[in-house]
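This report refers to the structure that appears directly beneath it.
The values are calculated or read from the model by the stated rules, or taken from the named source; none is laboratory data. What you see is a predicted model, and the numbers here were worked out from it, not measured in a lab. Cβ: placed from backbone, ideal geometry, glycine included. Neighbour counts: every protein chain shown.
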Amino acid sequence: SSEKTLREHSKFLSLVLRHQPETIAIQLDSEGWTDVHILLQQMIKHKRPLKLVELIEVVESSDKKRFQLSPDQSKIRAVQGHSSAQVQREYAAITPPDTLFHGTATRFVNSILEKGLISGERHHVHLSADLVTAQKVGQRHGKVIIFILDTKQMHQDGFRFYCAENGVWLTEQVPIKYLKLF
Ligand code: HQG
């Protein structure tokens with residue numbers, strides 16, 4: 001498939017596997033998994049036909065490894081980024097690196113410096129292990145600004161951190177005192 005086609009399929013899969021499974025009447029379990037054959041059937045029904053080989057291509061070509069297939073390829077999920085109430089992933093809490101980054105747009109800075117980082121629609125605040133990734137995440141929203149987080153202190157203070165299967169770091173919220181403009 002062309003890059004554009006792959007991107008379109010990937011966007012639609014992000015929509016149904018993270019946010020709105022009801023768009024094509026599928027169910028996600030609490031860990032985000034859904035049945036591949038039902039998914040493909042429902043996509044045909046809703047005029048978004050996709051073959052199994054194409055689905056596998058989308059999963060394998062995803063730069064951010066957004067999706068995961070079960071070993072027998074009978075189930076698929078998005079590994080992070082959910083907002084759907086059907087999903088309540090139980091990530092294992094682990095010790096984060098001493099610092100993590102958050103890339104965002106300059107227009108959000110005042111609000112962030114007032115309220116800290118909040119998860120909004122999604123279930124978690126998303127954090128990046130390196131600057132380049134944080135830049136890319138921030139660019140999606142506009143003129144980039146990067147925050148550096150004192151995750152060592154946060155962890156000592158009892159905040160929990162999770163690392164999704166694709167290396168994206170997650171936490172519930174980040175109070176202002178742990179944030180610095182980078
Ligand atoms: C901002 C992409 C105002 C926050 C990426 C962010 C990531 C606040 C935006 C993943 C705020 C939410 C997630 C506050 C936070 N006031 N704005 N108090 N607290 N914000 O897209 O982190 O391509 O939901 O800074 O790579 O940008 O979709 O989160 O700008 O991994 O796979 O609210 O999505 O992955 O935006 O990105 P998002 P995000 P995919």
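Mind checking whether some residue in the stretch 34-51 is in contact (Cβ under 8 Å) with a residue 40 or more places away in the chain, surrounded by 15 or more Cβ atoms within 10 Å (Cβ to Cβ) and not aliphatic (A, V, I, L, M)? Explain how you work it out, then say what you get.
Keep residues of the stretch 34-51 that are in contact (Cβ under 8 Å) with a residue 40 or more places away in the chain, which gives 34-36, 50.
Subset that is surrounded by 15 or more Cβ atoms within 10 Å (Cβ to Cβ): 34-36, 50.
Filter once more, keeping what is not aliphatic (A, V, I, L, M): 34-35.
Yes: the stretch 34-51 contains one or more residues that are in contact (Cβ under 8 Å) with a residue 40 or more places away in the chain, surrounded by 15 or more Cβ atoms within 10 Å (Cβ to Cβ) and not aliphatic (A, V, I, L, M).
Going by the conditions given, is G120 buried (at least 19 other Cβ atoms within 10 Å of the Cβ) and of a type outside the set (V, I, T)? Give the derivation first.
Details: buried (at least 19 other Cβ atoms within 10 Å of the Cβ): no; of a type outside the set (V, I, T): yes.
For G120, the condition - buried (at least 19 other Cβ atoms within 10 Å of the Cβ) and of a type outside the set (V, I, T) - is not met.
Do any helices (runs of 4 or more DSSP H) lying entirely in the stretch 90-174 carry at least 1 residues that are farther than 17 Å from A78 by Cβ, more than 8 Å from the ligand (Cβ to nearest atom) and among the basic types (K, R), and which ones are they? Break it down into steps so the answer makes sense when it comes.
Values: elements: 109-115, 131-139, 151-156.
Where helices (runs of 4 or more DSSP H) fall fully within the stretch 90-174 and carry at least 1 residues being farther than 17 Å from A78 by Cβ, more than 8 Å from the ligand (Cβ to nearest atom) and among the basic types (K, R), they are 151-156.
Can you tell me which condition I145 does not meet? The list is (1) touching a residue at least 40 places away in the same chain (Cβ under 8 Å); (2) over 15 Å from F182 (Cβ atoms), and all the others hold.
Only one criterion in (1) touching a residue at least 40 places away in the same chain (Cβ under 8 Å); (2) over 15 Å from F182 (Cβ atoms) is unmet by I145, namely (2).
Residues checked against (1) touching a Cys at 6+ places or on another chain (Cβ under 7 Å); (2) within 16 Å of the ligand (Cβ to nearest atom); (3) not in a loop (DSSP other than H, G, I, E, B):
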position: T5; (1), (2), (3): no, no, yes
position: L15; (1), (2), (3): no, yes, yes
position: E22; (1), (2), (3): no, no, yes
position: R48; (1), (2), (3): no, no, no
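Restrict the check to the stretch 78-94 and report whether at least one residue is surrounded by fewer than 18 Cβ atoms within 10 Å (Cβ to Cβ), over 30 Å from D29 (Cβ atoms) and in contact (Cβ under 8 Å) with a residue 12 or more places away in the chain.
Scanning the stretch 78-94 turns up no residue that is surrounded by fewer than 18 Cβ atoms within 10 Å (Cβ to Cβ), over 30 Å from D29 (Cβ atoms) and in contact (Cβ under 8 Å) with a residue 12 or more places away in the chain.
Mind telling me which of the residues R66, R140 ends up being at pLDDT 95 or above and surrounded by 12 or more Cβ atoms within 10 Å (Cβ to Cβ)?
Details: R140 fails: surrounded by 12 or more Cβ atoms within 10 Å (Cβ to Cβ).
Unique residue meeting the criteria: R66.
Go over the candidates S30, S62, S14, S70 one by one and state the one that is under 27 Å from K136 (Cα atoms), among the small types (G, A, S) and out of contact with any Gly (no Cβ under 9 Å at 6 or more places or on another chain).
Working: S30 fails: under 27 Å from K136 (Cα atoms); S14 fails: out of contact with any Gly (no Cβ under 9 Å at 6 or more places or on another chain); S70 fails: under 27 Å from K136 (Cα atoms).
Unique residue meeting the criteria: S62.
Can you pull out every residue in the stretch 96-117 that is crowded, with 19+ Cβ neighbours inside 10 Å and in contact with a helix residue (DSSP H, G or I) (Cβ under 7 Å, 6 or more places away or on another chain)?
P96, L100, F101, H102, G103, T104
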